[in-house]
Structures are given as structure tokens and as C-alpha cells.
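A short worksheet on the structure shown next.
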Amino acid sequence: MWQLSENSRLGFRLAGSTLHQGFGAGKYLIGIGDTASVVPNPWLESLKAQQQSVAAQCPGCGDMNSAGAAAEKAALPLTQASVDAKDYHEYGGYILESKSNPDQFTYSKPLAGKETLVDIDNIKAPKGYNVVGEYHTHPRGPGDNREGFSTRDGNRYNGNGRVGYVADNNTRRMYVFVPGLTVNHPEWERTGDFVQKIP
Ligand SMILES: [Zn+2]
């Protein structure tokens, strides 16, 4: 079982079977250079690519929180485009740790699932990486400012032992769920620990 050091909000990384505190809040946003391009019906494109997840470039992503923030930043414009098209697709993928350099993290480029669902288990992890976490978005219509994880999300992470990240397209506030540490509240009670707003 993973152990978490004192302050999970300051970023953490996975080493062996133990989560360690990472490099601090100052490193959260370093290296976020990926900008997702919005194309018509992007979820159709990514559904076709469901088996071919690709690791993003994430220079400076020295802990899981910074990789999570970069992943959400890439996924939120796609989510917004889906909401604008009234399709409400979630986007998501994996948080990855380099096998050759355990201090280097990144994410698999965001893929869309069926409506309001990311079918993470259908995504194949890129070679050369360990899957240490998951991320996804919540598509919200205008005026819907619910934040954080659903109870189902929390149950999932408690079940598979992965760290989860989520952000919604309206508030852009990112939350983390650490299995065994984060309290899973009833539906829509903002389950999760707030990390940062995605710029
Ligand atoms: Zn969710």
C-alpha cells in the first residue's frame, strides 16, 4: 500500500511502492507547453485512437501534480468543444512515470470516452512508462459549477490503487484523489483535495 508524506498538496511522486513528497508548489506549472488543438468532433478522432495512447512531451514535470495539471490543461479545451457541441464527452488518460528516469513524469494525450465517461481501461499505456495515475475531465454546461470527483470516481481509485486527477471546463479547478487518504464523499459533494486552478 502506498504511503504519502505529510503534504499531498505540494506535489508528490511515486518511487517504488511509496509516494514521496515532490518538489513543491513552484514546480506545478513548469513545463506546461502542450496546447491541445480543437478540431471538429474531436471525440470521434480519439475514439478511433483508443488503443493508441501517446505520451505527451512534459518537460519539467518532476512530480505527479505537475503532470496532472499539464494533462488537464490539454484536455479542457477538448472538453469545452464537446460541451459546445452539446455532446458532453469526458476526456482523460494516464499519468505516466518514465521507466528510465523515475523523476520524470508525463501523461498520455487526452482521449474521449463515451458520453460522460472515459473508458480508461481501453487505453493502452505507451511503452517505456509505468502507469501511476489517471486523469479525466468533467464536461459542465453553462452555469454548472460542480467541482471535484464523483463517488464513482473515488470508488474506482480506491479499487485500482491509482492516484486520480479531475477538472471541469467551467471552474478549471483541479482536484486529486489519493487512494486510502482522500475521503470519498457522497455524490457531488466536491470529493477530492483541491490542487490548483488550471490556467
Ligand atoms: Zn469523473
Query raised in the report: Regarding GLY159, is this residue without any contact (Cβ under 8 Å) to a residue 60 or more places away in the chain, under 14 Å from the mean Cα position of the chain (by Cα), outside any loop (DSSP other than H, G, I, E, B) and more than 21 Å from ASP87 (Cα to Cα)?
Result: no
Query - ALA74, sole failed condition from (1) among the hydrophobic types (A, V, I, L, M, F, W, C); (2) modelled with pLDDT of 95 or more; (3) in contact with a His (Cβ under 9 Å, 6 or more places away or on another chain) - result: (3)
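Among the residues of the stretch 100-132, write down those that are part of a strand (DSSP E or B), within 14 Å of the ligand (Cβ to nearest atom) and surrounded by 14 or more Cβ atoms within 10 Å (Cβ to Cβ). Working first, answer last.
Initially, the stretch 100-132 is screened for residues part of a strand (DSSP E or B), giving 105-108, 111-115, 129-132.
Now restrict to residues that are within 14 Å of the ligand (Cβ to nearest atom): 112-115.
Passing the criteria: ALA112, GLY113.
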Query raised in the report: ARG140 versus (1) more than 10 Å from the ligand (Cβ to nearest atom); (2) surrounded by 20 or more Cβ atoms within 10 Å (Cβ to Cβ); (3) under 16 Å from TYR91 (Cα atoms): which is the lone unmet condition?
Result: (2)
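Starting from residues that are of a type in the set (D, E, K, R) and surrounded by 13 or more Cβ atoms within 10 Å (Cβ to Cβ), keep the ones in the stretch 143-162 and report whichever is nearest to PRO179 (Cα to Cα). Steps first, please.
So the first thing to find is which residues in the stretch 143-162 are of a type in the set (D, E, K, R), and the list is 144, 146-147, 152-153, 156, 162.
Now narrow it down to the ones that are surrounded by 13 or more Cβ atoms within 10 Å (Cβ to Cβ): 144, 146-147, 153, 156, 162.
Details: ASP144: 27, ARG146: 22, GLU147: 19, ASP153: 11, ARG156: 9, ARG162: 7 Å.
Filtering first and then ranking leaves ARG162.
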Requested in this report: May I ask you to list the residues in the stretch 124-147 that are closer than 22 Å to PHE105 by Cβ and out of contact with any helix residue (DSSP H, G or I) (no Cβ under 7 Å at 6 or more places or on another chain)?
Outcome: LYS124, ALA125, PRO126, LYS127, GLY128, TYR129, ASN130, VAL131, HIS136
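The values are calculated or read from the model by the stated rules, or taken from the named source; none is laboratory data. The structure displayed is predicted, hence computed values, not measured ones. Glycine also receives a Cβ, built like all others from the backbone with ideal geometry; neighbour counts cover every protein chain displayed.
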